[in-house]
Amino acid sequence: MNSRIKLHHHFTGSMTELLQEDLLALAHDKIQHMSDSYFKKVLKKEDAEILISMTIEKNHEEKYEGKFHFTLDGSEYHYQNDVPFSEPLDVVSHAFKHLKEQLAD
């Protein structure tokens, strides 16, 4: 991962270490794919940074909620799922899909 892209994460609720590793691996994969397209435009600027803050929680219903804050060279984008997901990896996938849609506008 590019050194100018920083991912901060926080997991709450009873999530196994393996699940946390899978969530991080998927986030890194999504970042890598976006580095070849969407993030490439941002990183053309020599001093530009991309900061991603990811918080995923397993709630009392055993479903998953996420909040993402993306800062791309000062421009901010947010994602929070309105309906909890049964599949935790869907939280990450939907957050990055939402970001792509916002950047495409």
Of all residues in segment 36-79 being surrounded by fewer than 17 Cβ atoms within 10 Å (Cβ to Cβ) and small (Gly, Ala, Ser), the one that is farthest from the chain's Cα centre (by Cα): Ala48
Residues of segment 21-49 satisfying the condition of being more than 16 Å from Ser93 (Cβ to Cβ) and part of a helix (DSSP H, G or I): Glu21, Ser35, Phe39, Lys40, Lys41, Val42, Leu43
Options Asp22, Asp29, Asp36, Asp82; residue that is over 13 Å from Arg4 (Cα atoms) and in contact with a Pro (Cβ under 9 Å, 6 or more places away or on another chain): Asp22
Residues of segment 1-20 that turn out to be touching a residue at least 24 places away in the same chain (Cβ under 8 Å), surrounded by fewer than 12 Cβ atoms within 10 Å (Cβ to Cβ) and either part of a helix (DSSP H, G or I) or of a type in the set (Asp, Glu) (or both), as a count: 0
Yes/no for Ile52 being at pLDDT 95 or above, among the aliphatic types (A, V, I, L, M), touching a strand residue (DSSP E or B) at 6+ places or on another chain (Cβ under 9 Å) and part of a strand (DSSP E or B): yes
Residues that are in a strand (DSSP E or B) and of a type in the set (Gly, Ala, Ser), drawn from segment 62-79: Gly66, Ser75
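The values are calculated or read from the model by the stated rules, or taken from the named source; none is laboratory data. Since we're looking at a predicted model, the values are computed, not measured. Neighbour counts are summed over all protein chains in view; Cβ atoms, including those assigned to glycine, are modelled from backbone coordinates with ideal geometry.
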